[in-house]
Each structure stands twice: as C-alpha cells, then as structure tokens.
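Asker: Handing you this structure, nothing more for now.
The values are calculated or read from the model by the stated rules, or taken from the named source; none is laboratory data. This one's a predicted model, so the numbers in the text were calculated from it and none came from an experiment. Cβ sites come from the backbone with ideal geometry, for glycine too, and all protein chains shown count toward neighbours. Just so you know, the surface numbers come from the protein's heavy atoms only, side chains and all, with ligands and any DNA or RNA stripped out. Shrake-Rupley method; radii C 1.70, N 1.55, O 1.52, S 1.80 Å.
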Amino acid sequence: MPSDTLWEIAKAEVEKRGSNGSESDGVEIGEKSVFFIGSKNGGKTTIILRCLDRDEPPKPTLALEYTYGRKAKGHNIPKDIAHFWELGGGTSLLDLISIPITSDTLRTFSIVLVLDLSKPNDLWPTMENLLQATKSHVNKVIMKLGKKNSKASSEMRQKIWSNMQKDHPDREIIDPFPIPLVIIGSKYDIFQDFDSEKRKVICKTLRFVAHYYGASLMFTSKSEALLLKIRGVINQLAFGIDKSKSICVDQNKPLFITAGLDSLSQIGSPPVPDNDIGKLHARSPMELWKKVYERLFPPKNTNTLKDIKDPARDPQYAESEVDEMRIQKDQ
C-alpha cells in the first residue's frame with residue numbers, strides 16, 4: 001500500500017489540530033492574550049517591552065495599544081503567539097476594555113493590573129474602577145458565550161477555582177476573578193522608603209484584594225532581578241510556562257505571592273484599632289478594607305479626564321490636509 005504524500009500528511013495534521021482546538025478549553029491552541037491595565041504612567045509599557053526583550057524607550061500609551069510576541073516550542077513546530085494589549089489613561093478610558101475581550105478570545109485571556117505604589121492615594125480608586133469595569137464586561141461575555149457554548153462557559157467558571165486548593169479554609173469567603181488576574185505593584189524603589197506603618201497598610205490591603213480575587217500579587221521596580229521575576233510571571237500567562245511557587249510576604253521586601261498561596265489568617269484583620277472597627281459600617285469584607293485604607297490614604301478628588309491630552313492636537317500627529325478639513329468641519 002503506497003504511503004501518504006507529504007500534502008496528505010500535512011492536511012491530516014491541520015485537521016487534527018482543528019478538531020483538538022474545538023473540543024478543548026482553549027488552553028492548547030497556541031495563542032494567548034494578556035491585557036495590561038492600571039495606573040497612568042505606572043510602568044505597563046516598560047514591563048511589556050522587558051517581557052518581549054525590546055530595548056527601546058517606552059512611549060506614552062494614548063488609548064489602546066497592541067503588540068505581540070512569539071516563542072518557539074521546538075524544532076519544526078509553529079511558534080506560540082502572545083497578544084499584548086495595553087489600556088492607557090488610567091481609569092479614563094474604561095469603555096475601551098470591551099474591544100480586546102470578546103467571546104472568541106476570552107478563554108485564553110489574562111489580566112495584568114499595574115498599580116503605582118508611589119501614589120497610594122490613587123491606588124484604591126484606580127484598582128476598584130478598573131477591576132469592576134473589567135469584571136462586569138467579562139461576566140457579560142461569559143453569559144454570551146454560554147448561549148453559544150454552554151460547555152465552554154461552564155468550564156471557564158470551574159477553572160477560576162483551579163488556583164485554590166479544595167480544602168483551603170477561605171474557599172467560602174473569596175470571589176475569584178472570572179479570568180486569570182495578576183496584580184503588580186510598580187515603583188517599589190520609591191515605595192520602600194515610605195514610613196513602615198504606611199507600607200504595612202498598603203501591603204496588607206493589596207494582599208487581601210489579591211487573595212479575595214484569586215490573583216497573584218508581586219512588586220517590581222527598575223531592578224533587573226525584580227523585572228526578571230515579573231517577566232517569568234508574564235511568560236506563564238502568555239506562553240503557558242510553568243508557574244512559580246515561590247512566596248514572599250515580608251512587608252520589608254518586595255511581595256511575591258502566587259495565586260492560592262496566601263490566606264486570610266496570614267494576612268490578618270484590617271490595620272485599624274479594635275475600638276474603631278465598630279465605627280466602620282461595611283456590608284462586605286472588601287468594603288471594610290476600603291474604608292480602612294481610605295482613612296489613611298483618602299482619594300484625591302481629581303477629574304482623571306483632565307490629564308488626557310487630545311492626540312488630534314498633538315504636533316507629532318499633524319496632517320495639514322486633514323487638519324484643514326477638520327477646522328472647516330468645526331466651523
């Protein structure tokens with residue numbers, strides 16, 4: 001019996017990969033997406049460039065930017081592709097969150113929230129607004145996906161508990177984020193010079209939020225050693241490389257806590273005197289931590305939109321013909 005031709009072998013391989021991709025939960029298809037959101041000028045672009053080994057100065061992110069990276073799996077095997085999305089403007093462009101996160105991409109999507117540790121008064125509102133907007137949109141997409149593919153939707157909801165051991169004492173208390181989440185505290189080099197009590201409050205608060213959402217938490221700076229650690233975590237999200245099991249919860253060192261390895265007993269209660277706890281009326285543990293945090297770091301009442309420059313008026317994007325037509329239209 002004659003052997004198959006090279007073309008027939010290739011065709012069979014493609015059909016095999018296609019059938020595997022449609023039946024799986026989307027993890028092995030060779031493409032993943034990582035969405036960076038967070039503080040304005042918090043260092044998101046720097047982290048992405050470092051992960052992609054690109055030695056170039058970071059430029060301000062205007063709105064929503066996209067880039068990609070590839071990683072070889074082996075000889076004569078197609079490279080894995082990672083799609084990197086970055087939301088600029090802090091919390092001013094929340095509507096753009098819906099663009100990269102769709103029912104087609106959701107099963108291979110991860111979120112990286114970068115928070116500027118050097119601006120603790122902006123930290124909670126930035127974190128709260130971005131996570132709420134992202135979670136709300138993801139839940140809508142999961143519901144939409146469920147109408148088309150109930151099995152895929154069900155698998156996604158089960159998968160969010162994969163980082164938490166079945167016998168973990170906090171399983172009944174936490175509310176995991178619907179897709180993988182990593183929280184990165186940037187500018188640790190500035191943060192480490194803060195008063196020890198302030199550092200304690202920020203560290204404990206971020207540990208609680210990360211644990212509550214089933215997320216990993218880590219601090220970074222311009223230090224090459226810390227950037228390498230962050231790169232390893234991002235590579236795990238982007239290319240499925242083995243997840244780190246290391247942990248550091250010492251507030252005098254950069255935190256590094258992989259999802260599922262922390263606990264409420266280790267984090268402790270909110271840092272507030274016992275006689276003041278009763279004065280704080282909160283409907284949930286998250287709200288209680290928020291009230292405690294904002295007592296020490298009250299949010300600034302600033303309009304985030306004021307800081308956003310209009311790209312249309314930026315000289316570097318000038319187009320004389322287009323600008324003249326725009327002026328006529330405005331008049």
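Asker: In square angstrom, rounded to the nearest 10, how much accessible surface does GLU321 have for a 1.4 Å probe?
Answerer: 140 Å²
Asker: Under the Karplus relation 6.51 cos²θ - 1.76 cosθ + 1.60, θ = phi - 60°, what is the ordered set of whole-Hz ³J(HN,Hα) values for the stretch 127-132, x standing for Gly and Pro?
Answerer: 4, 5, 5, 5, 5, 5
Asker: Whole-Hz ³J(HN,Hα) for each residue in the stretch 43-59, computed from phi via Karplus 6.51 cos²θ - 1.76 cosθ + 1.60 with θ = phi - 60°, x for glycine and proline: what do you get?
Answerer: x, 4, 4, 4, 5, 4, 4, 5, 5, 9, 6, 9, 8, 8, x, x, 10
Asker: Same structure, new question: I'd like to compare 245-254, 92-101: which one has the highest average count of other Cβ atoms within 10 Å, and what's the full order after that?
Answerer: Highest to lowest by the protection proxy: 92-101, 245-254.
Asker: Can you tell me which of 174-182, 141-149, 203-211 comes out highest on packing, and rank the rest after it, using the mean Cβ neighbours within 10 Å?
Answerer: 203-211, 174-182, 141-149
Asker: Right, here's the next one. HN-Hα J couplings of the stretch 134-145 from phi, Karplus 6.51/-1.76/1.60, θ = phi - 60°, integer Hz, Gly and Pro as x?
Answerer: Once rounded to whole Hz, the list reads 5, 4, 4, 5, 4, 4, 5, 5, 5, 5, 5, 5.
Asker: What FRET efficiency would be calculated for the residue pair ALA282, ASP53, taking the C-beta separation as r and a Förster radius of 41 Å, to the nearest 0.05?
Answerer: That gives a FRET efficiency of 0.35.
Asker: Whose amide H sits under 5 Å from the amide H of GLY185, counting only residues 5 or more places off or on another chain, with H placed in the peptide plane?
Answerer: Amide H neighbours of GLY185, under 5 Å, 5+ apart: LEU115, MET218, PHE219, THR220.
Asker: Using a 1.4 angstrom probe and counting only protein chains, how large is the accessible area of ASP189 in Å², to 10?
Answerer: Ignoring ligands and nucleic acids, ASP189 comes out at about 60 Å².
Asker: Given the protein chains as shown and a 1.4 Å probe, how many square angstrom of HIS281 are accessible, to the nearest 10?
Answerer: Accessible area, nearest 10 Å²: 150 Å².
Asker: A follow-up question, please. State the answer as a single residue: which of PHE191, ILE230, ALA210 lies farthest towards the positive end of the charge dipole of the stretch 182-236, with beta carbon charges of +1 for Lys and Arg and -1 for Asp and Glu, about the Cα centre.
Answerer: Positive-end residue among those listed: ALA210.
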